[in-house]
């Protein structure tokens, strides 16, 4: 049975619409209007268009933040993806850890990103759940009333190199240089931070779980389902992703199927400052990235090759017997 970790009142969440100006040199955003609750924000997430992908000014529904999280574990690197059923779009995708930026953090979206990691990416050992640190700052322990967090052995978050083009909140440049794009189908500005998570070497028998909030009636409910960890690792080789997915249970990587899989729009092609797609098929993304998916040997060919090998051995044996 899934375990309920926390319940929230969604009306407590407030965000603000944005006015965004983009040029080939950079992008800036600032809040406009009055604070909106979650339902009001969803109502404003309607498709928009721009005449030029590199230069435009328009009002958007909200600011969203995502983390391209590189997990370092047992001397290997992995991208972290999570499974989400998107109720507002009626689909299921694998996506980056992400969330809405509340009104009071529009100038500090990195703070929201770090909190999303603490809420969505859970690391379990037999002695308890791992806490985390970003530089010298402890991450929150959002489920401490339901889960036992270990005081020792925190994982560590560090920023990786950022995007080339600057992003500003009003006149304040975001020094971590997140990648930015306007998602046209939902009229939202999305920021993506590159962060690295180092698992302490002493953390043994590690398992990974994803916890996401779902709107149920008039409450946001977060549940832990051990039968569906919903957190996936994509291995990297010299910084390049391999087209493979795994879950992690007690230090064992378990292959996950990619059949019929879709990735969220952050994996789709970005044109200038815009992304037009709602999602992208895993197969299409693999082709787009120039990656080779692992192919299982064709059963018929395998049988044929075995028969050919046996025939060659028989021929060689008969030749040796001839005078």
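The one condition from (1) touching a residue at least 60 places away in the same chain (Cβ under 8 Å); (2) crowded, with 18+ Cβ neighbours inside 10 Å; (3) more than 16 Å from the chain's Cα centre (by Cα) that residue 120 does not meet is (3). Confirm whether residue 141 is touching a helix residue (DSSP H, G or I) at 6+ places or on another chain (Cβ under 9 Å), closer than 20 Å to residue 98 by Cα and either surrounded by fewer than 19 Cβ atoms within 10 Å (Cβ to Cβ) or free of Cβ contacts under 8 Å to residues at least 24 places away in the same chain (or both). Here the answer is yes, as residue 141 does meet what is asked. One residue stands out in the range 1-34 among those that are more than 17 Å from residue 170 (Cβ to Cβ) and in contact with a helix residue (DSSP H, G or I) (Cβ under 8 Å, 6 or more places away or on another chain): the one that is surrounded by the fewest Cβ atoms within 10 Å (Cβ to Cβ), namely 11. Has the range 304-319 got at least one residue that is in a loop (DSSP other than H, G, I, E, B) and either modelled with pLDDT under 90 or closer than 26 Å to residue 190 by Cα (or both)? Taking every residue of the range 304-319 in turn, none turns out to be in a loop (DSSP other than H, G, I, E, B) and either modelled with pLDDT under 90 or closer than 26 Å to residue 190 by Cα (or both).
Yes or no, residue by residue, for (1) at pLDDT 95 or above; (2) under 14 Å from the mean Cα position of the chain (by Cα):
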position: 197; (1), (2): yes, yes
position: 212; (1), (2): no, yes
position: 231; (1), (2): yes, yes
position: 238; (1), (2): no, no
position: 285; (1), (2): yes, no
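Against the list (1) more than 23 Å from residue 206 (Cβ to Cβ); (2) touching a helix residue (DSSP H, G or I) at 6+ places or on another chain (Cβ under 9 Å); (3) touching a residue at least 40 places away in the same chain (Cβ under 8 Å); (4) crowded, with 17+ Cβ neighbours inside 10 Å, the condition residue 180 fails is (2). The criterion of being touching a helix residue (DSSP H, G or I) at 6+ places or on another chain (Cβ under 8 Å), in a loop (DSSP other than H, G, I, E, B), modelled with pLDDT of 90 or more and closer than 25 Å to residue 265 by Cα holds for residue 243. Among the candidates 252, 227, the residue that is over 28 Å from residue 65 (Cβ atoms), exposed (fewer than 10 other Cβ atoms within 10 Å of the Cβ) and at pLDDT 90 or above is uniquely 227.
Condition check ((1) assigned to a strand (DSSP E or B); (2) touching a residue at least 60 places away in the same chain (Cβ under 8 Å); (3) in contact with a helix residue (DSSP H, G or I) (Cβ under 9 Å, 6 or more places away or on another chain); (4) surrounded by 14 or more Cβ atoms within 10 Å (Cβ to Cβ)) across all residues:
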residue	(1), (2), (3), (4)
162	no, no, no, yes
165	no, yes, no, yes
196	yes, yes, no, yes
203	no, yes, no, yes
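Go through the range 167-194 and give me each residue that's within 20 Å of the chain's Cα centre (by Cα) and part of a strand (DSSP E or B). Across the range 167-194, the qualifying residues are 179, 180, 181, 182, 183, 188, 189, 190, 191, 192, 193, 194.
If you scan the range 17-50, which residues turn out to be in contact with a strand residue (DSSP E or B) (Cβ under 7 Å, 6 or more places away or on another chain) and in a strand (DSSP E or B)? Answer for the range 17-50, where residues must be in contact with a strand residue (DSSP E or B) (Cβ under 7 Å, 6 or more places away or on another chain) and in a strand (DSSP E or B): 18, 19, 20, 21, 22, 26, 27, 28, 29, 30, 31, 36. Scanning the range 105-117 for residues that are touching a residue at least 40 places away in the same chain (Cβ under 8 Å) and surrounded by fewer than 19 Cβ atoms within 10 Å (Cβ to Cβ) yields one hit, 107.
The values are calculated or read from the model by the stated rules, or taken from the named source; none is laboratory data. If you're wondering where the values come from, they're calculated on a predicted model, not measured in any experiment. Quick reminder, even Gly has a Cβ in these numbers, built from the backbone with ideal geometry, and neighbours come from all protein chains shown.
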